[in-house]
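The values are calculated or read from the model by the stated rules, or taken from the named source; none is laboratory data. The structure displayed is predicted, hence computed values, not measured ones. When we count neighbours, we look across all protein chains shown, and the Cβ atoms used for this are built from the backbone with ideal geometry, even at glycine.
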Ligand SMILES: Nc1nc2c(ncn2[C@@H]2O[C@H](COP(=O)(O)OP(=O)(O)OP(=O)(O)O)[C@@H](O)[C@H]2O)c(=O)[nH]1
Ligand SMILES: [Mg+2]
(Lines give C-alpha, C1' and ligand atoms only; values in the text may rest on other atoms or scores of the structure.)
(Ligands and ions follow the chains in the order given, each with its own letter.)
Protein backbone atom coordinates (compact mmCIF):
# COMPACT_ATOMS: atom_id res chain seq x y z
CA UNK A 1 0.00 0.00 0.00
CA UNK A 2 1.15 3.54 -0.65
CA UNK A 3 1.32 5.18 2.77
CA UNK A 4 0.95 8.60 1.19
CA UNK A 5 -2.32 8.14 -0.61
CA UNK A 6 -3.52 4.68 0.37
CA UNK A 7 -3.40 3.34 -3.17
CA UNK A 8 -2.19 -0.18 -3.79
CA UNK A 9 1.15 -1.27 -5.25
CA UNK A 10 0.60 -4.99 -4.98
CA UNK A 11 -0.46 -5.53 -8.56
CA UNK A 12 1.99 -3.50 -10.63
CA UNK A 13 2.80 -4.97 -14.06
CA UNK A 14 5.59 -3.82 -16.36
CA UNK A 15 5.11 -4.97 -19.95
CA UNK A 16 7.32 -4.43 -22.96
CA UNK A 17 6.26 -4.45 -26.57
CA UNK A 18 6.08 -8.25 -26.54
CA UNK A 19 3.51 -8.01 -23.77
CA UNK A 20 4.99 -10.37 -21.16
CA UNK A 21 4.58 -9.44 -17.51
CA UNK A 22 8.05 -8.98 -15.95
CA UNK A 23 7.67 -7.91 -12.37
CA UNK A 24 5.19 -7.71 -9.58
CA UNK A 25 5.36 -5.88 -6.29
CA UNK A 26 4.70 -7.58 -3.00
CA UNK A 27 1.49 -7.26 -1.09
CA UNK A 28 1.77 -5.30 2.12
CA UNK A 29 -0.22 -5.89 5.28
CA UNK A 30 -2.43 -3.04 6.52
CA UNK A 31 -0.40 -0.73 8.74
CA UNK A 32 -1.89 0.72 11.92
CA UNK A 33 -3.04 4.34 11.52
CA UNK A 34 -0.51 5.62 14.08
CA UNK A 35 2.31 4.43 11.86
CA UNK A 36 1.06 6.12 8.71
CA UNK A 37 3.12 9.31 9.04
CA UNK A 38 6.34 7.36 9.62
CA UNK A 39 5.54 5.06 6.73
CA UNK A 40 4.85 8.01 4.46
CA UNK A 41 8.18 9.63 5.36
CA UNK A 42 10.07 6.36 4.88
CA UNK A 43 8.28 5.62 1.63
CA UNK A 44 9.11 9.01 0.14
CA UNK A 45 12.71 8.81 1.39
CA UNK A 46 13.11 5.40 -0.23
CA UNK A 47 11.56 6.75 -3.41
CA UNK A 48 13.95 9.73 -3.43
CA UNK A 49 16.88 7.35 -3.02
CA UNK A 50 15.76 5.24 -5.97
CA UNK A 51 15.08 8.40 -8.01
CA UNK A 52 18.73 9.34 -7.44
CA UNK A 53 19.76 6.00 -8.97
CA UNK A 54 17.52 6.68 -11.97
CA UNK A 55 19.04 10.14 -12.37
CA UNK A 56 22.55 8.69 -12.39
CA UNK A 57 21.56 5.89 -14.79
CA UNK A 58 20.00 8.40 -17.20
CA UNK A 59 22.87 10.92 -16.92
CA UNK A 60 25.50 8.23 -17.67
CA UNK A 61 23.70 7.56 -20.94
CA UNK A 62 22.87 11.17 -21.80
CA UNK A 63 19.15 10.33 -21.73
CA UNK A 64 16.60 13.08 -21.09
CA UNK A 65 13.52 11.76 -19.25
CA UNK A 66 10.40 13.91 -19.04
CA UNK A 67 7.58 13.16 -16.62
CA UNK A 68 4.16 14.13 -18.04
CA UNK A 69 1.44 14.57 -15.43
CA UNK A 70 -2.17 15.72 -15.69
CA UNK A 71 -5.74 14.82 -14.92
CA UNK A 72 -7.22 12.05 -17.10
CA UNK A 73 -7.94 13.14 -20.66
CA UNK A 74 -6.05 16.44 -20.81
CA UNK A 75 -4.18 15.17 -23.85
CA UNK A 76 -0.87 13.59 -22.72
CA UNK A 77 -0.96 10.68 -25.17
CA UNK A 78 -2.20 12.90 -28.00
CA UNK A 79 0.63 15.35 -27.31
CA UNK A 80 3.16 12.52 -27.31
CA UNK A 81 1.90 11.06 -30.58
CA UNK A 82 2.11 14.40 -32.38
CA UNK A 83 5.48 15.21 -30.78
CA UNK A 84 6.94 11.85 -31.74
CA UNK A 85 5.79 12.23 -35.33
CA UNK A 86 7.57 15.60 -35.48
CA UNK A 87 10.74 14.71 -33.53
CA UNK A 88 11.43 11.02 -33.96
CA UNK A 89 13.10 11.32 -37.37
CA UNK A 90 15.81 13.55 -35.88
CA UNK A 91 16.15 12.16 -32.33
CA UNK A 92 15.75 8.70 -30.76
CA UNK A 93 12.54 8.72 -28.71
CA UNK A 94 11.05 6.09 -26.40
CA UNK A 95 8.00 6.09 -24.13
CA UNK A 96 6.95 4.62 -20.80
CA UNK A 97 3.18 4.61 -20.34
CA UNK A 98 1.63 4.56 -16.88
CA UNK A 99 -2.01 3.60 -16.45
CA UNK A 100 -3.98 1.69 -13.88
CA UNK A 101 -5.17 -0.80 -16.50
CA UNK A 102 -5.04 -1.59 -20.23
CA UNK A 103 -2.43 -1.18 -22.93
CA UNK A 104 -4.53 1.36 -24.85
CA UNK A 105 -2.00 4.20 -24.64
CA UNK A 106 1.00 1.91 -25.31
CA UNK A 107 -0.76 0.60 -28.43
CA UNK A 108 -1.38 4.18 -29.63
CA UNK A 109 2.28 5.06 -29.09
CA UNK A 110 3.46 1.85 -30.75
CA UNK A 111 1.54 2.99 -33.81
CA UNK A 112 4.06 5.82 -34.20
CA UNK A 113 6.88 3.27 -34.46
CA UNK A 114 8.86 4.14 -31.33
CA UNK A 115 9.65 1.66 -28.51
CA UNK A 116 7.16 1.70 -25.66
CA UNK A 117 6.66 -0.05 -22.33
CA UNK A 118 3.34 -0.08 -20.51
CA UNK A 119 3.30 -0.04 -16.70
CA UNK A 120 -0.05 -0.96 -15.20
CA UNK A 121 -0.31 0.17 -11.59
CA UNK A 122 -3.48 -1.78 -10.75
CA UNK A 123 -5.15 0.15 -7.94
CA UNK A 124 -2.12 2.48 -7.67
CA UNK A 125 -2.60 6.09 -8.76
CA UNK A 126 0.97 7.18 -9.62
CA UNK A 127 4.32 5.98 -10.96
CA UNK A 128 7.23 5.81 -8.52
CA UNK A 129 10.99 5.64 -8.99
CA UNK A 130 11.12 1.85 -8.66
CA UNK A 131 8.48 1.40 -11.36
CA UNK A 132 10.42 3.75 -13.64
CA UNK A 133 13.64 1.80 -13.02
CA UNK A 134 11.87 -1.41 -14.03
CA UNK A 135 10.35 0.29 -17.04
CA UNK A 136 13.74 1.63 -18.16
CA UNK A 137 15.31 -1.82 -17.84
CA UNK A 138 12.58 -3.24 -20.04
CA UNK A 139 12.71 -0.33 -22.51
CA UNK A 140 16.53 -0.12 -22.78
CA UNK A 141 16.48 3.32 -24.46
CA UNK A 142 19.56 4.17 -26.56
CA UNK A 143 22.11 6.73 -25.30
CA UNK A 144 21.14 10.30 -26.12
CA UNK A 145 17.47 9.51 -26.43
CA UNK A 146 14.44 11.40 -25.20
CA UNK A 147 12.27 9.27 -22.91
CA UNK A 148 8.73 10.44 -22.27
CA UNK A 149 7.07 9.07 -19.15
CA UNK A 150 3.27 9.42 -19.21
CA UNK A 151 2.20 9.26 -15.58
CA UNK A 152 -1.16 7.94 -14.38
CA UNK A 153 -3.90 10.53 -15.01
CA UNK A 154 -4.20 12.18 -11.59
CA UNK A 155 -3.46 15.72 -10.36
CA UNK A 156 -2.55 14.65 -6.81
CA UNK A 157 -0.20 11.75 -6.02
CA UNK A 158 2.15 11.77 -9.05
CA UNK A 159 3.44 15.16 -7.89
CA UNK A 160 4.86 13.60 -4.70
CA UNK A 161 7.08 11.02 -6.37
CA UNK A 162 10.43 12.07 -7.83
CA UNK A 163 11.26 9.70 -10.68
CA UNK A 164 14.76 11.05 -11.44
CA UNK A 165 13.38 12.89 -14.46
CA UNK A 166 15.04 15.90 -16.12
CA UNK A 167 11.80 17.90 -16.04
CA UNK A 168 8.20 17.70 -14.95
CA UNK A 169 5.59 18.66 -17.50
CA UNK A 170 2.08 19.35 -16.23
CA UNK A 171 -0.61 19.31 -18.92
CA UNK A 172 -3.91 21.05 -18.25
CA UNK A 173 -6.60 21.47 -20.89
CA UNK A 174 -8.83 24.52 -21.15
CA UNK A 175 -11.90 22.33 -20.73
CA UNK A 176 -10.90 21.58 -17.11
CA UNK A 177 -11.59 25.17 -15.99
CA UNK A 178 -9.47 28.08 -14.78
CA UNK A 179 -9.31 26.98 -11.17
CA UNK A 180 -7.26 23.76 -11.37
CA UNK A 181 -3.90 25.35 -10.39
CA UNK A 182 -5.60 26.78 -7.27
CA UNK A 183 -7.32 23.51 -6.33
CA UNK A 184 -4.27 21.30 -7.00
CA UNK A 185 -1.43 23.68 -6.11
CA UNK A 186 1.14 21.03 -5.28
CA UNK A 187 1.04 19.58 -8.79
CA UNK A 188 1.39 22.99 -10.41
CA UNK A 189 4.10 24.09 -7.97
CA UNK A 190 6.41 21.18 -8.93
CA UNK A 191 6.04 21.78 -12.68
CA UNK A 192 8.99 22.93 -14.78
CA UNK A 193 6.58 23.67 -17.59
CA UNK A 194 2.80 23.82 -17.83
CA UNK A 195 1.31 22.90 -21.20
CA UNK A 196 -2.16 24.41 -21.60
CA UNK A 197 -3.75 22.14 -24.18
CA UNK A 198 -6.90 22.26 -26.33
CA UNK A 199 -6.75 26.02 -26.96
CA UNK A 200 -8.74 25.30 -30.14
CA UNK A 201 -11.71 24.83 -27.79
CA UNK A 202 -11.41 28.26 -26.11
CA UNK A 203 -14.28 29.75 -28.18
CA UNK A 204 -16.62 27.04 -26.83
CA UNK A 205 -15.80 27.02 -23.11
CA UNK A 206 -16.31 29.59 -20.39
CA UNK A 207 -12.59 29.90 -19.63
CA UNK A 208 -10.23 32.85 -20.04
CA UNK A 209 -6.73 31.76 -21.02
CA UNK A 210 -5.21 34.79 -19.24
CA UNK A 211 -6.96 33.78 -16.01
CA UNK A 212 -5.71 30.20 -16.25
CA UNK A 213 -2.18 31.48 -16.87
CA UNK A 214 -2.45 33.86 -13.88
CA UNK A 215 -3.55 30.99 -11.64
CA UNK A 216 -0.57 28.88 -12.78
CA UNK A 217 1.75 31.78 -11.92
CA UNK A 218 0.10 32.36 -8.56
CA UNK A 219 1.32 28.94 -7.35
CA UNK A 220 4.55 28.81 -9.41
CA UNK A 221 5.71 32.31 -10.32
CA UNK A 222 8.55 31.38 -12.67
CA UNK A 223 6.97 28.42 -14.43
CA UNK A 224 7.16 28.27 -18.20
CA UNK A 225 3.71 28.13 -19.76
CA UNK A 226 3.10 26.80 -23.25
CA UNK A 227 -0.47 27.15 -24.58
CA UNK A 228 -1.05 24.87 -27.55
CA UNK A 229 -3.47 22.71 -29.44
CA UNK A 230 -2.45 19.18 -30.31
CA UNK A 231 -5.37 19.07 -32.74
CA UNK A 232 -4.50 22.15 -34.81
CA UNK A 233 -0.75 22.24 -34.11
CA UNK A 234 -0.87 25.84 -32.87
CA UNK A 235 1.87 26.36 -30.28
CA UNK A 236 3.62 23.05 -31.03
CA UNK A 237 6.79 24.80 -32.26
CA UNK A 238 7.47 26.40 -28.87
CA UNK A 239 6.94 23.02 -27.19
CA UNK A 240 9.39 21.31 -29.58
CA UNK A 241 11.96 24.05 -29.05
CA UNK A 242 11.68 23.67 -25.29
CA UNK A 243 12.04 19.88 -25.57
CA UNK A 244 15.12 19.98 -27.75
CA UNK A 245 16.99 22.23 -25.33
CA UNK A 246 16.54 19.88 -22.33
CA UNK A 247 19.61 18.27 -20.77
CA UNK A 248 19.72 15.15 -18.57
CA UNK A 249 19.10 15.99 -14.91
CA UNK A 250 22.25 16.86 -12.95
CA UNK A 251 23.28 14.10 -10.52
N1 LIG B 1 -10.15 19.55 -29.28
C2 LIG B 1 -9.03 18.98 -28.85
N3 LIG B 1 -9.07 17.71 -28.38
C4 LIG B 1 -7.90 17.18 -27.96
C5 LIG B 1 -6.67 17.87 -27.99
N6 LIG B 1 -5.71 17.07 -27.47
C7 LIG B 1 -6.31 15.91 -27.14
N8 LIG B 1 -7.63 15.96 -27.43
C9 LIG B 1 -8.62 14.89 -27.22
O10 LIG B 1 -8.75 14.69 -25.81
C11 LIG B 1 -9.08 13.32 -25.54
C12 LIG B 1 -8.14 12.75 -24.48
O13 LIG B 1 -6.83 12.78 -24.98
P14 LIG B 1 -5.70 11.78 -24.47
O15 LIG B 1 -4.47 12.12 -25.23
O16 LIG B 1 -6.16 10.38 -24.46
O17 LIG B 1 -5.55 12.26 -22.96
P18 LIG B 1 -4.62 11.64 -21.81
O19 LIG B 1 -4.18 12.79 -20.97
O20 LIG B 1 -3.55 10.82 -22.42
O21 LIG B 1 -5.64 10.73 -21.01
P22 LIG B 1 -5.30 9.56 -19.91
O23 LIG B 1 -4.15 8.77 -20.42
O24 LIG B 1 -6.56 8.80 -19.85
O25 LIG B 1 -5.00 10.30 -18.64
C26 LIG B 1 -8.97 12.59 -26.87
O27 LIG B 1 -10.27 12.41 -27.38
C28 LIG B 1 -8.17 13.55 -27.74
O29 LIG B 1 -8.47 13.43 -29.13
C30 LIG B 1 -6.66 19.21 -28.52
O31 LIG B 1 -5.65 19.91 -28.58
N32 LIG B 1 -7.89 19.71 -28.90
MG1 LIG C 1 -2.99 8.86 -22.02
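When the range 220-234 is examined, which residues are found to be surrounded by 17 or more Cβ atoms within 10 Å (Cβ to Cβ) and in a loop (DSSP other than H, G, I, E, B)?
The answer is 220, 223, 228, 229, 230.
Looking for whichever is crowded, with 18+ Cβ neighbours inside 10 Å, in contact with a strand residue (DSSP E or B) (Cβ under 6 Å, 6 or more places away or on another chain) and touching a residue at least 24 places away in the same chain (Cβ under 8 Å) here; the options are 174, 169. Which one fits?
169 is the lone residue from the list that is crowded, with 18+ Cβ neighbours inside 10 Å, in contact with a strand residue (DSSP E or B) (Cβ under 6 Å, 6 or more places away or on another chain) and touching a residue at least 24 places away in the same chain (Cβ under 8 Å).
Any idea which of 217, 246 is more than 19 Å from residue 126 (Cα to Cα), assigned to a loop (DSSP other than H, G, I, E, B) and away from ligand 1 (no atom under 11 Å from the Cβ)? It would help to see each step written out before you state the result.
Numbers: 217 fails: assigned to a loop (DSSP other than H, G, I, E, B).
After applying the criteria, what remains is 246.
Please tell me if residue 119 is within 15 Å of ligand 1 (Cβ to nearest atom), at pLDDT 95 or above and crowded, with 21+ Cβ neighbours inside 10 Å. Quick ask: steps written out before the conclusion?
On the way: within 15 Å of ligand 1 (Cβ to nearest atom): yes; at pLDDT 95 or above: yes; crowded, with 21+ Cβ neighbours inside 10 Å: yes.
It is true that residue 119 is within 15 Å of ligand 1 (Cβ to nearest atom), at pLDDT 95 or above and crowded, with 21+ Cβ neighbours inside 10 Å.
Pairs needed: first member in the range 153-166, modelled with pLDDT under 95; second member anywhere, assigned to a helix (DSSP H, G or I) and within 13 Å of ligand 1 (Cβ to nearest atom); C-beta distance under 8 Å; at least 6 residues apart or different chains.
Every condition considered, no pair remains.
Restricting attention to the range 185-225, which residues are in contact with a strand residue (DSSP E or B) (Cβ under 7 Å, 6 or more places away or on another chain) and under 23 Å from residue 164 (Cβ atoms)?
Of everything in the range 185-225, those that are in contact with a strand residue (DSSP E or B) (Cβ under 7 Å, 6 or more places away or on another chain) and under 23 Å from residue 164 (Cβ atoms) turn out to be 187, 188, 190, 191, 192, 193, 194, 195, 223, 224.
Report those helices (runs of 4 or more DSSP H) wholly inside the range 55-165 carrying at least 1 residues which are under 20 Å from residue 197 (Cα atoms), more than 16 Å from ligand 2 (Cβ to nearest atom) and over 12 Å from the mean Cα position of the chain (by Cα).
Once the helices (runs of 4 or more DSSP H) in the range 55-165 are filtered for at least 1 residues that are under 20 Å from residue 197 (Cα atoms), more than 16 Å from ligand 2 (Cβ to nearest atom) and over 12 Å from the mean Cα position of the chain (by Cα), what remains is 76-87.
Out of all the residues in the range 85-122, which are touching a helix residue (DSSP H, G or I) at 6+ places or on another chain (Cβ under 9 Å) and without any contact (Cβ under 8 Å) to a residue 40 or more places away in the chain?
Result: 90, 104, 108, 109, 111, 112, 113, 114.
Where residues in the range 177-192 are in contact with a helix residue (DSSP H, G or I) (Cβ under 6 Å, 6 or more places away or on another chain) and part of a loop (DSSP other than H, G, I, E, B), which of them is surrounded by the most Cβ atoms within 10 Å (Cβ to Cβ)?
Among residues in the range 177-192 that are in contact with a helix residue (DSSP H, G or I) (Cβ under 6 Å, 6 or more places away or on another chain) and part of a loop (DSSP other than H, G, I, E, B), the one surrounded by the most Cβ atoms within 10 Å (Cβ to Cβ) is 178.
Only one of (1) assigned to a helix (DSSP H, G or I); (2) under 13 Å from residue 170 (Cβ atoms) fails for residue 195. Which number is that?
Single failed check for residue 195: (1).
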